[in-house]
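Okay, structure first, notes after.
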Amino acid sequence: MIATSSCCDIEDSNLLTVPQALANIRADIQLLESFEQVPLRSGLGRILAQDIISPINVPAYPNAAMDGYAFHSHDLSTPGWQTLPVIGTALAGQPFNGTVSIGQCVRIMTGAVMPVGTDTVVMQEEVECVGETIRFQTGPVQAGQHVRLAGEDLAIGQVVLKPGKQLLPPELGLLASLGKAEVCVKRRLRVAFFSTGDELCSIGDSLKAGQIYDSNRYTLYGMLTRLGVEVIDLGVVRDHREALRQALLDAADCAEMVITSGGVSVGEADLIKEVLLELGTIHFWKIAMRPGRPLAYGKIKDSVFFGLPGNPVAAMVTFYQLVQPTILTMIGATESELAKLWKAQSLSKLKKRLGRREFQRGVLERTPDGEWAVRSTGPQGSGILRSMSEGNCFIVLPEERGNVEIGEWVDVQPFGEFM
Ligand code: AMP
Ligand code: MG
């Protein structure tokens, strides 16, 4: 249960910090347990739900790492020039079936099985061919060189991947190298979302006086889709009690997470708040962040609920900072490297108020001397969605930080793979 900031403290001036909000959410949510078997390609971007133990050695047999000649390292014991007759050829997929004796060699191509009796490859560039024999200097040749050992990539019985790993291109390749045609992954989290507001017009309709187009459903669609969840878009819902109530119930019925945007601010008609309080356990948090406050979090039936602010940048920032980590935790993903902060020197003067965490939008670039530097995208209003498109990172200014002067170091969070 969440210990702080219940619905009763809507007017409470105690702000919750971003880490406190995240800790409260993490203590409250349940992991998605269900998993499914999918064809390997469909596993791309999904979260692994099983241990992958190698059933074979990769490679399965010792093979040549270079084009050249395979022989036994015993033939290196005489210093100076060595001459060996070539008794056959080994190609990738077409092994040499005989046995190679000391004093003999086989022409071998990269990837071909090392013939019985050989353990070393001399590169073709280092030999002279004289009829059916080769000559080379033994001095520079190391015993065992240019041979890939069986199991040197993956050894039989080795734990190759652990549950929680996101399957990206290298993982698809690793699984394919083990011959796996299917993989067991976490089921996609179902996330239903809708926008609220009488002023919202859907794309395709023409704007009437006082209306704006609904953009939040499209940023949300994009952010959710890139996280690999199953998105259920429930459209725009008017600021009417019954419509909101029905939409929230429908959403909770079909999804493990429900996200709305708009309608939770203090100035807003308290409609959605009243409806939410009737339907579930909802907390209205004022989070010490900018953009981003206020935010509603809680449960409707068994579904996790996020009521994001309506302002387009605030909706995106609260999604990245609070919803995305919640989704990743729920699907059991191991911590992403991408959420880590980098350091950069500020090329802009930044206004920053003490006591809250700000996520200003910046453009991260490299200076001519190879350092990371960041400049502000300009006006930081939470309605300026352009700043998310022009920027490539958040400039993350912690609670205790005041104004930033040009040349001071700041933390930046690049909009990475997940952003
Ligand atoms: P609200 O949180 O409902 O008070 O909305 C705050 C601001 O965000 C208002 O200017 C709204 O018009 C705007 N807004 C709310 N929802 C959306 C949306 N889906 N797309 C674009 N702007 C929105
Ligand atoms: Mg509204």
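What follows draws every value from the coordinates through simple rules; no lab data is involved. These figures come from a predicted structure and were not determined experimentally. Here the Cβ positions follow ideal geometry from the backbone for every residue, glycine too, while neighbour counts run over all protein chains shown.
Yes/no matrix, rows are residues, columns are (1) more than 14 Å from ligand 1 (Cβ to nearest atom); (2) among the hydrophobic types (A, V, I, L, M, F, W, C); (3) within 26 Å of the chain's Cα centre (by Cα):
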site	(1), (2), (3)
PHE193	no, yes, yes
THR196	no, no, no
ARG226	yes, no, yes
GLU242	yes, no, no
ARG245	yes, no, no
Exercise. Does segment 336-343 include one or more residues that are surrounded by 20 or more Cβ atoms within 10 Å (Cβ to Cβ) and touching a residue at least 12 places away in the same chain (Cβ under 8 Å)?
Worked result: no
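The rows are residues; the columns are (1) β-branched (Val, Ile, Thr); (2) within 12 Å of ligand 2 (Cβ to nearest atom).
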| site | (1), (2) |
| --- | --- |
| GLY235 | no, no |
| ARG245 | no, no |
| ILE287 | yes, no |
| GLY307 | no, yes |
| LEU322 | no, no |
For this session: From (1) in a helix (DSSP H, G or I); (2) buried (at least 19 other Cβ atoms within 10 Å of the Cβ); (3) not β-branched (Val, Ile, Thr), pick out the condition that doesn't hold for PHE136.
Result: (1)
Problem set entry | Unique residue being loosely packed, with under 13 Cβ neighbours inside 10 Å and of a type outside the set (Val, Ile, Thr) when the list is GLY197, GLY228, GLY164, GLY157 | GLY157
For this session: Looking only at segment 382-403, count how many residues are within 23 Å of LEU16 (Cβ to Cβ) and in a loop (DSSP other than H, G, I, E, B).
Result: 6
Exercise. How many residues are farther than 30 Å from LEU248 by Cα and charged (D, E, K, R) if we restrict to segment 146-192?
Worked result: 8
